Amino acid sequence: MCGINGIWGLQDKELSAAKVRAMNGSLAHRGPDDEGTYVQEGIALGHRRLSIIDLSAAGHQPMTFDEGRFTIVYNGELYNYRELKFDLQRAPSGSGGGFIFRTNTDTEVILAAYARWGSACLDRFNGMFAFAIWDAQEKKLFIARDRLGIKPLYYYHTGDILVFSSELRSLLSSALVPKKLDRYALTDYLRYQTVHAPATIIKDVKMLLPGHFMVAGGKDLAISEYWSAAKKPDQNTAQKPYERVCSEIQALFYKAVERRLVADVPFGAFLSGGIDSSAVVGAMSRVSGTKVKTFLVTFREKEFSEAKYAKLISGRFGTDHHEILLKPEEFLAQLPRALDAMDHPSGDGPNTYIVSKETKRAGITMALSGLGGDELFAGYNVFERMARLQRKGWLNLVPAFARAAAAAGYARMRPGVASDKLYELMSLDRLDFRSVYPLMRKVLTEKRIAGLIATRQLDDNAVQRIVSAKLPFDRSSHYLSLVSFAELSTYMQNTLLRDTDQMSMAHALEVRVPFLDYTLVEYVLSVPDKYKYPYTPKKLLTDALGDLLPADIIHRPKMGFTLPWESWMRGELRGFCADQLSWLRDSGILAGAEVERLWNDFIKGHPGVPWSRVWHIVVLAHWLKKNNIER
C-alpha cells in the first residue's frame, strides 16, 4: 500500500524530476517507509512506500524488470500473487523459459505478468491496485485500476502531457494543474456530498474509472474497460437449490477473507458489531492462526454507541478488543486534522480518520473492514424502498401533476426530508429505475440546489447518467442486483471507498475489504431476488454464514458507523461551521443569501434541514479554502 505519481510527455528531465519529487512530498503520509523516483526523457515516476509484503529493501520502487525495459510504480495488494508467481516461473509453450524472481514482492509479479501477457494480465489479478508501467522499449505508459475502484487514480491530461497520482492534492502540488473549480462537479457535490467519477471537484482533473486501463504512447491517450459488474458471467444460480447457493457464498466469502490476511505486518479489523464487520471478524478468527485485534469508536451518547454489540462479537471470537471513547471536545480538537487529511471533499470520513488513527497507534499496519456487505446483500433501506416502488407500477397511470399535488399536500402537513423526497419522486414523469434511483441518495432538493447556485437550470444528474449508461440484469428476477449495481457504481465507489482510502492512508494504514472480492461480487449479483429479498436483514448473507453469528447480532437494530453530528453542530462545532459558511458566502461560489438561509434553518431545527444537508457544504468550504481553489 503506497502512493504513486508520474508525469508523461514532459521532455525537460530536470524539471520533471523536480515536479515528481514535489508530488512525492505530498504523498509522504501514504508511504513513510521509503521513497523513490525514476526519470528519463519524456517520463518521470514517483513512489512512496508503505511496506506490507516483503519488508526488505528489495521492494523499493520504482522497480525495474526485464533488463530495464519495464519500470513500475504500484499502490495496492495483489492477493493471488503467489499463484501467479508459480505460473510465471514455468516456461510457456514455445518460449525459452520461465521468469526468475529476485524478490518476494507482489510488485515484481505484476511486472512479470505484464511482460508475459500485456494488458490481459489484468484478467488474472485479484486484488486492489492502481499502478503504472513504463515500457522503455516501446515508449509506452500503461496505467490500470482495480475492478471495484478500491485504490484511487487521478489524472490530468492536456496537450502532450499527462500527470497522474494517487491523490488529487499531489496533482495540484505539481504546479502543472490549474486550481480551478469545476462548476458541473459542484452541482453533483451538492446533490450527493461527493463528485462521481470520472469527474472531480477540480476542472479537467479526472479519475480513471474502476475496471479500466489507460495507454499513453506517442501523442495518443486511450482508455479501455477490462471488467464491469454489468457484464456478469452466468452463474446459473437461479437453477441451484438455496442451500447450495448459501454454501457457495460461504466458501467464496471465507476465501476472500483468507486472501486478505496475507501480510508481513501486524493486522486487525474494524468492528462495529454489525452483521458485516462481525462476519469479517468471525471469518478472520476461523482462518487465521493468530488472535485478531479489533477496533471500535464509541461515544458517551448511548444512542450512538455500538459497544455492547462489538463486545459480544469480541467475546465470541476471543479478539483483542480496543474501544476508542470519543468525547465532543476531543473530536473538535482532531477535526481540523481530519479535514486537512481529506484529499477530495466529502460529506463523510472523519469517523474513519479517528478509528484509523487509533488502530495505527496500536501497532497495526493493515486492517480488514466490512464495507460492501450492505451493497451486495440488500442491507440498506434503499433496497426495500426500490422494491416496494417497483410493485406499485400502477402509480405510472396517475398523471404526474396529480401525484405531485398530493405529495405537496402531504409535505405541508408533515414537513421534513422524507416529504421533500416524496414530492420530488411524485413529480417525475415516469417512476422507473432510471428516474427513481438517483433520488434515493440525494442530500439536497433540486430547488435548494438551484437557489445555492443561483440558476434556473441545473446540470444533468451524474447518478442518472451512470445508471442509464448500462442497466444490467433481468429486472423481473434480479431487481435487487440492479440496485446493488447502482450502489456499487455510485455511493460505494465515490463516497465510501474514496473516504476510506484517504482517511486510513492519512495514518499509513492499509484497509482491505473482503466483501469486494470480485469473485464474490460476480456471484452474488447473479443470485435472483427470490433468494435475497430483504424480509429480514441480509438474510442471504446470514444464512450463508451458518452459525457464525449469534441471533442478537443478526436481529439488532441497524445504526451505521456514524457520529452525533446533529448535537455537535449546534453546540461544540457551531462556531467552526459558521466560519466556513461565512467564507463560502463571501467567496461568491454559492449564493450568500441561500447559504445563510440553509444555516439558519438548521440552527432553528427546521425538519427539512438535518445536519447532513449542511455538513457537506461546511466541508466543501474548508477544502476549497485550504487548497486555494479558484472559482
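Contact annotation: residue pairs with Cβ atoms under 6 Å, 6 or more positions apart or on different chains, pairing a residue in the range 263-281 that is over 10 Å from TYR309 (Cβ atoms) and in a loop (DSSP other than H, G, I, E, B) with a partner that is open to solvent by less than 10 Å² (accessible area, probe 1.4 Å) and among the hydrophobic types (A, V, I, L, M, F, W, C), are ALA263/ILE52; ALA263/MET366; VAL265/ILE52; VAL265/MET366; PRO266/ILE364. Just one of (1) part of a helix (DSSP H, G or I); (2) out of contact with any helix residue (DSSP H, G or I) (no Cβ under 9 Å at 6 or more places or on another chain); (3) polar (S, T, N, Q) fails for THR290. It is (1). Considering (1) modelled with pLDDT of 90 or more; (2) in a loop (DSSP other than H, G, I, E, B), the lone condition that ARG456 does not fulfil carries the number (1). Considering only residues of the range 544-555 that are outside any loop (DSSP other than H, G, I, E, B) and modelled with pLDDT under 95, which is nearest to ILE249 (Cα to Cα)? Checked the range 544-555; the qualifying residue nearest to ILE249 (Cα to Cα) is ILE554. Just one residue in the set LEU162, LEU221, LEU176, LEU190 is open to solvent by less than 10 Å² (accessible area, probe 1.4 Å), of a type in the set (A, V, I, L, M, F, W, C), more than 19 Å from the chain's Cα centre (by Cα) and over 30 Å from PRO514 (Cα atoms); that residue is LEU162.
I'd like to know if the range 181-188 contains one or more residues that are in contact with a Pro (Cβ under 7 Å, 6 or more places away or on another chain), in a helix (DSSP H, G or I) and either within 19 Å of ARG465 (Cα to Cα) or touching a residue at least 60 places away in the same chain (Cβ under 8 Å) (or both). No, because not a single residue in the range 181-188 is in contact with a Pro (Cβ under 7 Å, 6 or more places away or on another chain), in a helix (DSSP H, G or I) and either within 19 Å of ARG465 (Cα to Cα) or touching a residue at least 60 places away in the same chain (Cβ under 8 Å) (or both). Output yes when any residue across the range 406-421 is out of contact with any Lys or Arg (no Cβ under 8 Å at 6 or more places or on another chain), polar (S, T, N, Q) and farther than 30 Å from ARG631 by Cα, and no when none is. The answer is yes; a qualifying residue exists. How do the pairs read when you match residues in the range 548-568 that are over 18 Å from PHE377 (Cα atoms) with residues anywhere that are modelled with pLDDT of 80 or more and of a type in the set (Phe, Trp, Tyr), using Cβ under 7 Å and keeping only pairs 6 or more apart or on different chains? Pairs found: TRP565/TRP611; TRP565/TRP615; GLU566/TRP611.
There is at least one residue in the range 217-226 that is touching a residue at least 24 places away in the same chain (Cβ under 8 Å), touching a Leu at 6+ places or on another chain (Cβ under 9 Å) and not in a strand (DSSP E or B). Hey, can you tell me all the residues within the range 119-132 that are surrounded by fewer than 24 Cβ atoms within 10 Å (Cβ to Cβ) and either more than 25 Å from PHE515 (Cα to Cα) or small (Gly, Ala, Ser) (or both)? If the condition is that a residue be surrounded by fewer than 24 Cβ atoms within 10 Å (Cβ to Cβ) and either more than 25 Å from PHE515 (Cα to Cα) or small (Gly, Ala, Ser) (or both), then SER119, ALA120, GLY127 are the ones that fit.
Among the criteria (1) modelled with pLDDT of 95 or more; (2) closer than 30 Å to GLN11 by Cβ; (3) not aromatic (Phe, Trp, Tyr), the one ASP220 does not fulfil is (1). Considering only residues in the range 195-216 that are charged (D, E, K, R) and either over 16 Å from the mean Cα position of the chain (by Cα) or open to solvent by less than 10 Å² (accessible area, probe 1.4 Å) (or both), the one that is nearest to GLU138 (Cα to Cα) turns out to be ASP204. Every test in (1) in a helix (DSSP H, G or I); (2) of a type in the set (D, E, K, R); (3) closer than 20 Å to VAL513 by Cα; (4) open to solvent by 40 Å² or more (accessible area, probe 1.4 Å) is passed by GLU375 save one, and that test is (4).
Which of the residues that make up the range 32-72 are of a type in the set (Val, Ile, Thr), surrounded by 23 or more Cβ atoms within 10 Å (Cβ to Cβ) and within 20 Å of THR365 (Cβ to Cβ)? Within the range 32-72, just ILE52 meets the criteria.
All told, ILE72 falls short of being part of a loop (DSSP other than H, G, I, E, B) and among the aliphatic types (A, V, I, L, M). Scanning the range 17-35 for residues that are assigned to a helix (DSSP H, G or I), in contact with a helix residue (DSSP H, G or I) (Cβ under 7 Å, 6 or more places away or on another chain) and among the hydrophobic types (A, V, I, L, M, F, W, C) gives ALA22, MET23.
Checking the structure you have, find out if any residue of the range 231-248 is β-branched (Val, Ile, Thr), in a helix (DSSP H, G or I) and modelled with pLDDT of 95 or more. Taking every residue of the range 231-248 in turn, at least one turns out to be β-branched (Val, Ile, Thr), in a helix (DSSP H, G or I) and modelled with pLDDT of 95 or more.
Within the range 274-314, can you find the residues that are over 20 Å from LEU376 (Cβ atoms), open to solvent by 10 Å² or more (accessible area, probe 1.4 Å) and small (Gly, Ala, Ser)? SER285, SER288, GLY289, SER305, ALA307, SER314, listed by residue number.
Quick one: is THR298 free of Cβ contacts under 8 Å to residues at least 60 places away in the same chain and either of a type in the set (Ser, Thr, Tyr) or part of a loop (DSSP other than H, G, I, E, B) (or both)? Yes: the conditions hold for THR298. If you go through the range 315-361 and keep only what is part of a loop (DSSP other than H, G, I, E, B) and surrounded by 15 or more Cβ atoms within 10 Å (Cβ to Cβ), you end up with THR319, ALA341, MET342, ASP343, HIS344, PRO345, SER346, GLY347, ASP348, GLY349. Restricting the range 590-631 to residues that are over 20 Å from LYS442 (Cβ atoms) and in a loop (DSSP other than H, G, I, E, B), the residue that is most open to solvent (accessible area, probe 1.4 Å) is LYS604.
Tell me, please, whether a residue that is open to solvent by less than 20 Å² (accessible area, probe 1.4 Å), on the phi < 0 side of the Ramachandran plot, at pLDDT below 90 and not β-branched (Val, Ile, Thr) can be found in the range 509-518. No: the range 509-518 contains no residue that is open to solvent by less than 20 Å² (accessible area, probe 1.4 Å), on the phi < 0 side of the Ramachandran plot, at pLDDT below 90 and not β-branched (Val, Ile, Thr).
Looking across the range 381-440 at every residue that is assigned to a helix (DSSP H, G or I), open to solvent by 50 Å² or more (accessible area, probe 1.4 Å) and among the charged types (D, E, K, R), the one that is farthest from GLY605 (Cα to Cα) is identified as ARG434. Against the criterion of being over 23 Å from the mean Cα position of the chain (by Cα), of a type outside the set (S, T, N, Q) and open to solvent by less than 10 Å² (accessible area, probe 1.4 Å), VAL245 qualifies.
The values are calculated or read from the model by the stated rules, or taken from the named source; none is laboratory data. Given the structure is predicted, the values throughout are model-derived calculations rather than measurements. So basically every Cβ, Gly included, is an ideal-geometry build from the backbone, and we count neighbours across all protein chains shown. These area figures cover heavy atoms from the full protein model, side chains too; ligands, DNA and RNA do not enter into them. Shrake-Rupley method; radii C 1.70, N 1.55, O 1.52, S 1.80 Å.
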